[in-house]
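Shown next, in structure tokens, is the structure this report addresses.
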Amino acid sequence: MPARSIPGQAPVPTPEDAPNRERLQKALARAGLGSRRLCEELIADERVTVNGVVATLGDRVDPDQDEVTVDGVVVGVRPGLVHYVLNKPAGVVTTADDPQGRPTVIELVPSEPRVHPVGRLDLDTEGLLLLTNEGELTHRLTHPSFGVDKEYLAEVEGIPTRGALRRLREGVDLDDGRTAPARVSLLGDHLLRLTIHEGRNRQVRRMCEAVGHPVTRLVRTRIGPLTDRTLGPGEWRELTGAEVQELRLAAVEVEEDAEDVDGAEKDPGSGTGHR
Ligand code: URA
């Protein structure tokens, strides 16, 4: 449809006039929300907003400019967004550029488009690390108010006592404050599984050290809903659209749960179930 013309006024642009505008369901499908048909249902069910306004079927968006949410969560709809999960090996730094010339995680994934790591793992920590060029998701997964569960396997010196496990579960006093309650299980004499949602520097190592059991090996095995036992050290794969959306939703859920826990001080240390 051409621009609508009102006598005496500049033409009003229609969606078709704006070269960057595309059907909302197409943009949502590209972002991994499901087939176009399914995305039409999301729109019809009023679960989608564009720039704060509930969307309707037939709406078009400029994927570079407009803010789209699904179920209240901002969804990156720009073309060219990529999301990788890497099994980081020990001895590789979580940075784009290391002044000391050590190998970096960026060198292990495709160089174009440029991505950044989501959070960081220490030089000697192994396991799952996300890399993406989607700023909204990075913010959601790393900002303290959106803490997402992260699960680690830690090999430690000595055999942790029940008292040490209780301290880890209830919170350990570190030099930057007491840690939030953690889920902790003893899987073997020297093997712990810890689930935390804070992202402090060297947190697991410092927690274990504080209770008398320095970590000898640390592997991250889960980020929110995301696990992967198939990737060998240094291997990566692209996340599916469904995995990306699950990560987005996990960040929201944790924020809501955190409010519940603050208010009720619920069973912080059962050491078993998953959120
Ligand atoms: N905790 C640590 O101590 N190190 C990491 O790399 C991640 C969590």
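Here, each number is a calculation from the coordinates, and none is a lab measurement. Keep in mind that this is a model prediction, so the values were computed, not measured. So basically every Cβ, Gly included, is an ideal-geometry build from the backbone, and we count neighbours across all protein chains shown.
Here region 15-75 is treated as a Stokes sphere of Kirkwood radius computed over C-alpha pairs; at 4 °C and 1.567 mPa s its diffusion coefficient rounds to 116 µm²/s.
Distant-in-sequence amide contacts of Gly147, defined by a placed amide H-H separation under 5 Å and a gap of 5 or more residues or a different chain, comprise nothing. Other residues with beta-carbon under 12 Å from the beta-carbon of Val211 carry, at +1 per Lys or Arg and -1 per Asp or Glu, a net charge of +2.
The order of the peptides 121-134, 70-83, 169-182 by mean Cβ neighbours within 10 Å, most packed first, is 121-134, 70-83, 169-182. Sorting 60-66, 160-166 by average packing, meaning the other beta carbons within 10 Å per residue, from highest down gives 60-66, 160-166. Global size of region 69-211: 17.1, 52 Å for Rg and Dmax (C-alpha atoms, Rg to one decimal, Dmax whole).
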